[in-house]
Amino acid sequence: MDIAVIGTGYVGLVSGTCFADGGNHVTCVDIDVQKVAALTRGEIPIYEPGLEEMVAHNLTAKRLRFTTDLVAAVKPAEIIYLAVGTPQGDDGAADLAALWKVVEGIAPHLRADAIVVTKSTVPVGTNAKIYALLKELTGRECDVASNPEFLKEGAAIEDFVKPDRVVVGVRSDRAADVLRQLYEPFLRTEHPFLVMTPESAEMTKYVANALLATKISFINEMANLCECMGGDINDVRRGIGHDSRIGFAFLFPGVGYGGSCFPKDVRALEAMSVQHGVEPRMLRAVDAVNNRQKEVMIEKINGHFGGNLKGKTLALWGLAFKPRTDDIREAPALVLIDYLLAAGAKVQVHDPEVMANVKKLYGDKLTYCDLEMEALAGADALCILTEWNDYKRPDFSEMQQAMRSVVIFDGRNLYEPERMRARGFRYFSVGRPAV
């Protein structure tokens, strides 16, 4: 099939590349001239395991190309995917300005049989508005479908080529049939292709992310309660996770969720609820608990140092909101960095992938270290914010030699408390007694 993907952000770039790898001819469009030139050279602007190799392979095979020419991409396309950004607005709702501009831009150039598909995360009812706008602009009825993405940063290619399910919202059997053919190469393990209304498909994306965010906020709140009552959240997590009705997914305590999806989508769903007169009590609680959780490590640090951090040196391991990505949007590490700098501490940081992105924000306010052990030089404490594999089995003897004071604030529960006690560390984690 001939496919146009409008937008080369995270979702558009991964989706377009995977569709090309499935044997389609894909043209990805972006307004950023420099970005398009870099992509054409095979240079990837994000860190996503396996993506650079897949882009290079499909560029060589001439199944994938990048352009700024919207018209040239849209005219021959059987399917046009809309994958532009929908950032959070001031009121918490999604900002669709870029989406409407694209819809107006493609309308005069659509094939009569073209199917326009929203891949961007958009408020419920957006599909219907696109349908009405295209009818007004073209003078005919156009097929408009919704196909939400469920990609995890760090495992996006695996999620795309081996999906748990594919969800499409359509108004016609023809659109459903065409999209089913498109996804056939990725559904050979009998995972379902779910057809529903566009409104249900749009809602599915928000509900999925809101429920996963709820699990994270719930286990974090229970972790805080465990600390007050002498329990160990890891024991509790195992005790409930083996219940088949609950499971273990997203029940890992920590310092809160971040990234481009969960915070934005929870707030967008909250805004939609308010617009329709539904009180979003649980959604507000989920967001509030998460914001509060990002401050838990600050409280532990202040408790240990008596609230006086001026002149102290803090090492931070992990700045991305999760491992296997270079995304720092809403990352808990940024909340801690801002506090430490305001408190007069020196901050030495390491992350395998996001150092350049963080440097754009903080400049020379931080000390950037190429190796994790370098960040520990003269440190009064180490704070762990991201569970990169690099940090899971360090040389503890080398750590002790490098640090001024062997204190660890572990926001991801990477180590066992009693083992840390035996090694001579003062160790604080989440939902477990300090040692």
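The values are calculated or read from the model by the stated rules, or taken from the named source; none is laboratory data. This is a predicted model, so every value here is computed, not measured. Quick reminder, even Gly has a Cβ in these numbers, built from the backbone with ideal geometry, and neighbours come from all protein chains shown.
Can you tell me which residue among 68, 27 is free of Cβ contacts under 8 Å to residues at least 60 places away in the same chain, more than 25 Å from the chain's Cα centre (by Cα) and over 30 Å from residue 275 (Cα atoms)? Walk me through how you get there before you give the answer.
Values: 27 fails: more than 25 Å from the chain's Cα centre (by Cα).
When all the criteria are applied, what remains is 68.
Check 221, 199 and return the single one that is closer than 28 Å to residue 1 by Cα and in a helix (DSSP H, G or I).
Of the residues listed, the single one that is closer than 28 Å to residue 1 by Cα and in a helix (DSSP H, G or I) is 199.
Among (1) in contact with a Gly (Cβ under 8 Å, 6 or more places away or on another chain); (2) buried (at least 19 other Cβ atoms within 10 Å of the Cβ); (3) assigned to a loop (DSSP other than H, G, I, E, B), which single condition is residue 311 missing?
Of (1) in contact with a Gly (Cβ under 8 Å, 6 or more places away or on another chain); (2) buried (at least 19 other Cβ atoms within 10 Å of the Cβ); (3) assigned to a loop (DSSP other than H, G, I, E, B), only one is false for residue 311: (2).
From the list 357, 413, which one is outside the structural domain of residue 48 (by TED's automatic domain parsing) and at positive phi? Let's see the steps before the verdict.
Working: 357 fails: at positive phi.
Criteria check complete, one pass: 413.
Residue 44 passes all but one of (1) in contact (Cβ under 8 Å) with a residue 60 or more places away in the chain; (2) in contact with a helix residue (DSSP H, G or I) (Cβ under 7 Å, 6 or more places away or on another chain); (3) buried (at least 16 other Cβ atoms within 10 Å of the Cβ); (4) part of a loop (DSSP other than H, G, I, E, B); which number fails?
Looking at each condition in turn, residue 44 falls short on (1).
Looking only at residues that are β-branched (Val, Ile, Thr) and part of a loop (DSSP other than H, G, I, E, B) in the range 249-289, which one is farthest from the chain's Cα centre (by Cα)? Steps first, please.
We begin by selecting, within the range 249-289, every residue β-branched (Val, Ile, Thr); these are 255, 266, 274, 278, 286, 289.
If we keep only those that are part of a loop (DSSP other than H, G, I, E, B) as well, we get 255, 278.
Values: 255: 15, 278: 27 Å.
Ranking the candidates gives 278 first.
Name the residue that is farthest from the chain's Cα centre (by Cα), counting only residues in the range 153-178 that are surrounded by fewer than 20 Cβ atoms within 10 Å (Cβ to Cβ) and of a type in the set (A, V, I, L, M, F, W, C).
The qualifying residue farthest from the chain's Cα centre (by Cα) is 176.
Restricting to the range 71-90, name every residue that is more than 25 Å from the chain's Cα centre (by Cα) and not in a loop (DSSP other than H, G, I, E, B). Steps first, answer last, please.
Going residue by residue through the range 71-90, those that are more than 25 Å from the chain's Cα centre (by Cα) are 71-79.
Once the filter is applied, which keeps residues that are more than 25 Å from the chain's Cα centre (by Cα) and not in a loop (DSSP other than H, G, I, E, B), the range 71-90 yields 71, 72, 73, 74, 79.
Can you name every residue in the range 1-27 that is part of a strand (DSSP E or B) and more than 16 Å from residue 118 (Cβ to Cβ)? Even if it seems obvious, please write down each step before you answer.
Residues of the range 1-27 that are part of a strand (DSSP E or B), as a first pass: 2-6, 25-27.
Selection gives 2, 25, 26, 27.
I'd like to know if the range 128-146 contains one or more residues that are under 29 Å from residue 259 (Cβ atoms), surrounded by 19 or more Cβ atoms within 10 Å (Cβ to Cβ) and in contact (Cβ under 8 Å) with a residue 60 or more places away in the chain. Spell out the reasoning first.
To start, the set of residues in the range 128-146 that are under 29 Å from residue 259 (Cβ atoms) comprises 128-130, 144-146.
Pick out the ones that are also surrounded by 19 or more Cβ atoms within 10 Å (Cβ to Cβ) and you get 130, 144-146.
Pick out the ones that are also in contact (Cβ under 8 Å) with a residue 60 or more places away in the chain and you get none.
No, because not a single residue in the range 128-146 is under 29 Å from residue 259 (Cβ atoms), surrounded by 19 or more Cβ atoms within 10 Å (Cβ to Cβ) and in contact (Cβ under 8 Å) with a residue 60 or more places away in the chain.
Out of the range 91-147, which residues are part of a helix (DSSP H, G or I) and under 21 Å from the mean Cα position of the chain (by Cα)? Can you show your working first?
Keep residues of the range 91-147 that are part of a helix (DSSP H, G or I), which gives 97-109, 126-138.
Hits for the range 91-147 are 98, 99.
Which of the residues that make up the range 320-359 are in a loop (DSSP other than H, G, I, E, B) and either in contact with a strand residue (DSSP E or B) (Cβ under 6 Å, 6 or more places away or on another chain) or polar (S, T, N, Q) (or both)?
In the first step, residues of the range 320-359 are kept if they are in a loop (DSSP other than H, G, I, E, B); the result is 320-331, 343-345, 351-354.
Within the range 320-359, 325, 345 meet the criteria.
Go through the residues of the range 401-424 one by one and say whether even a single one is among the aliphatic types (A, V, I, L, M) and exposed (fewer than 15 other Cβ atoms within 10 Å of the Cβ).
In the first step, residues of the range 401-424 are kept if they are among the aliphatic types (A, V, I, L, M); the result is 402-403, 406-408, 414, 420, 422.
When the remaining residues are screened for being exposed (fewer than 15 other Cβ atoms within 10 Å of the Cβ), the result is 422.
Scanning the range 401-424, I find at least one residue that is among the aliphatic types (A, V, I, L, M) and exposed (fewer than 15 other Cβ atoms within 10 Å of the Cβ), so the answer is yes.
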